[in-house]
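Presented below is the structure to which this report refers.
Values quoted throughout were computed directly from the atomic coordinates according to the rules given, and no laboratory measurement underlies them. Being a predicted model, the structure only gives us computed values, none of them experimental. Cβ coordinates were reconstructed from backbone atoms using ideal geometry, including for glycine residues, and neighbour counts include every protein chain displayed.
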Amino acid sequence: MSNKLISQMGLPSSLANVFSARNILTAKDALSLPEFDLMALLDVDRDQVRTAVARISEIACPPCRTALSLMEDRALTGGYLPTRLLGLDRALRGGIPFGALTELVGPSGIGKTQFCLKLALLAALPSSYGGLNGRVIYMDTESKFHSTRLIEIGRSSFPHIFNSEGMAQEMAGRIIVLRPASLDELTESLQQIQLIILQHDVKLLIVDSMAAILVGENERSTTGQKQHSCHLPLSFLKSLAEFSQIPIVVTNQVRSQNNYEVVHYPFQGIQWAHAVTIRLIFEAHSGQRFIKISKSPTSPAIAFPFLVKSSGIALLSDEGLEVTGSEMSTIRCEGLNVLVEGAEPFPHLGC
Amino acid sequence: MGRNSKFPLSRCEVAAAVGVVASLGLGLAAVYFSMPSSDYSFLKLPRTLEDIQDLRDNLESYTSDYTIQVLVGYCTVYIFMQTFMIPGTIFMSLLAGALFGVVRGVALVVFAATAGASSCYFLSYLIGRPLVFSLWPDKLSFFQKQVARRREKLLNYMLFLRVTPTLPNTFINVASPIVDVPYHIFFLATIIGLIPAAYVTVRAGIAIGELRSVADLYDFQAIATLFLIGIVSVTPTLISRRAQTAWDMLSEEQMQKPITTGCEELDTILGGGIQCKAVTEIGGIPGIGKTQLGIQLAVNVQIPVQYGGLGGKAVYIDTEGSFMVERAHQIIEGCIADLFEKFEHRKQSLVCPYILQPNSFLANIFYFRVCSYTEQIAAVNYLEKFLEEHKDVKIIVVDSITFHFRRDFDDLAMRTRVLGGMSSKLMRFTKKHNLAVVLLNQVTTKFVDGSFQLTLALGDSWSHACTNRIILYWNGNERHAYIDKSPSLRSASAPFQVTSKGIRNVTSNCKRVRMM
């Protein structure tokens, strides 16, 4: 929208010529300047600038929709990927939502990747077994994806499917694994993914994990660049989710200095926190592991105790514990071997 | 409500209508039986001028002897004709002039006409309203809104309609209760507005012998006079507004309703709710409930006027994609349920039932999804035209205002100026269209006084742009809202709760929010 050319907007030709003469070619160029600057640059009077800007804005503005039409669209696409964890699905009113960014955050080794593997399987399953019957793109930045583990989960959770001839192969064949090694590669893959999603009927995108890529990146680039680099994949993922109406799951890591620290914001900090729609915090305390719904538009904050089994993740209780107050956004990692990366956290990052 | 869904009238309404007819019939019968026996063949509803002249000749003799009976009979017949919209009341007015002279005739006609109009008003209120509700709900709500908007000058408009022959009086009687014209205004307008027309007719009635046809009655001069009087009564509404004095503004502000947030304590510290004609900034950490509050306001602005709200529409500009339509649906259902609970004692629905449906509420939220700062600027510019076309938008929520401006802008000075332009535009909208602008803002960490603190994003360069600023924060286990900056409100803090129904008061037994 912001790259629409002014020459194609139907302005009176004299004005259009003036704009292009001063090298203001797209809507973005025109609207980034305050009114007076435009007047001075183009050497036209205020009324003309006003009508021109109004016209450009009208065309560059995203279309207006009523919430009712959004609801109707939602009803068409279905809306959720059930996680098969009863308590969690009930709290999230269906499961992982389509068209939104879901974040899994927690210390290393707690079970996020297991959860992602299970989700990948669920999306690949045929609809007769409650799956989405589609392909899955799994972006594995830390080489944590093990296909043997995937098959093991499949065999334990859905024995009747996986023991039949060729099904295991087909299910595994629907999961595409990418291994980008740097931020640039990631961004490049993301650009291509948009096309792949449409062509190959991809129903789920998992990025495991964002943190690994961006840690490396931050250590290399300069301060100014940092701001841009971590925003780009974030906003791109978000718009990708909305555009293709598929669920996108991203995992994130916690940086901590001590082994039993309570951390308030995960790596990537507050900017991420504002941008994701649903945040599930994986944490450990009092000898148990918990999945905590920290941020969700339709659910209050609830924590479910869980275990990692051969069939993936299983909840110990479907009635969660209520979580109130600042505990909602804290992550406790008691008793786990937390990976400490680098010397200190980067709170001054705008990320 | 004791209503059969197919037939829009309840039993008591039908009973009331029958009762009115019965009492009028009784009145007529009483008169009939108390009159001396004689030849009453001339007594019939007057249809033509000759009938009047007949009646006049015959009744003149009775008038002095049986004044009471004639008066009662006259009034009853007049009221009967008005109530049931039987044409011919003009002949009755002529008759009054012929029988009683100018002064008493005018008094009689005005009394009878007002009484008749009132009874027609009540009958239409009982029967017409539910009927029209069920037949033409959307046209009806359109007209109701138009009337509600002109509430202050309604008397002038009604006077104009009564005095001039623009609309037939019968139509005014029937239509007024349906579009929610309150009775006291109707009464005043009728009793004052009918005087000129009554005077003209009654005077003509005196000289009824000379009249050839009804057309003589309303000659050009008479009609011109009536229009002149009408214009005089409606002129105050047409005078354009000059610069306002503070007193005018005060009375305006007192009449302008604020938008309730759903939580009474929060409303109290805000002076009733989010004020129209002001820009309010709401900031807080992620997960505190900013988007929830934004959606709640977009829903609460639509509460109909009859239920104490503004009956307006909402524009929601979403920069982060945090608007979830299922959550909006949940909040709308909660709002409607609370409205019904609050107004349970009213037997009849105050508005068309189709207005209080979640789908109507959803259809009144205009949603713009902006993905870059260019689109955000374009959307705010486009709103200027949009608001001209949609005059009933009463709130603009921007969620969140600074998200796209925190990156991609290389020239920070330019950014400040562009933001300034955007904020002054929004401020202008509030004044010009009398609506509220709510800007939701993120928080960020900032290095202040040697430590990292959470502050509002773009805080310093942006702080002059809003009228009021509210910060949402955690106080122990409770969510609180704090008025950080306001020219008219005191700094105060109030707790609130995010429930499945939306933003509500903190209940004293702060037990669990149950999942649906």
> Which FRET efficiency, nearest 0.05, do B:Ile223 and B:Val18 yield, Cβ-Cβ r, R0 45 Å?
Replying inline: 0.70
>> How charged is the neighbourhood of A:Gly173? Take every other residue with its Cβ under 15 Å from the Cβ of A:Gly173, and add Lys/Arg as +1 and Asp/Glu as -1.
In response: 0
> So how do A:183-189, A:204-210 stack up, highest first, on mean other-Cβ count within 10 Å?
Replying inline: A:204-210, A:183-189
>> Within 12 Å, Cβ to Cβ, of A:Ser157, how many net charges do the neighbouring residues add up to if Lys/Arg are +1 and Asp/Glu are -1?
In response: +3
> How far apart, in nm, are the 7 Å Cα→Cβ label points at A:Ile196 and A:Ala40?
Replying inline: 4.9
>> Give me the inter-chain shielding for B:318-331: mean count of other chain Cβ atoms within 10 Å, whole number please.
In response: 6
> How many nm separate the modelled label positions at B:Lys385 and A:Ser317, each set 7 Å beyond the Cα in the direction of the Cβ?
Replying inline: 5.8
> Which FRET efficiency value, to the nearest 0.05, is calculated for B:Ala148 and B:Asp410 with the Förster distance at 41 angstrom and r the Cβ-Cβ distance?
Replying inline: 0.25
> With r defined as the distance between the Cβ atoms of A:Thr324 and A:Val177 and R0 fixed at 41 Å, what FRET efficiency is calculated, to the nearest 0.05?
Replying inline: 0.55
>> Averaged across A:85-95, how many Cβ atoms of other chains sit within 10 Å of each residue's Cβ atom?
In response: 1
>> Take B:Asp338 and A:Asn23, extend 7 Å from each Cα along the Cα→Cβ direction, and tell me the distance between the two endpoints in nm.
In response: 5.5
> Contour minus end-to-end for B:Leu188 and B:Val103, with contour as 0.36 nm per residue of separation and end-to-end as the Cα-Cα distance?
Replying inline: 28.6 nm
> Just for region B:253-515, what percent of DSSP beta bridges are antiparallel, to the closest 5?
Replying inline: 45
> Residues with beta-carbon under 10 Å from that of B:Lys501, excluding B:Lys501: net charge, scoring Lys, Arg +1 and Asp, Glu -1?
Replying inline: -1
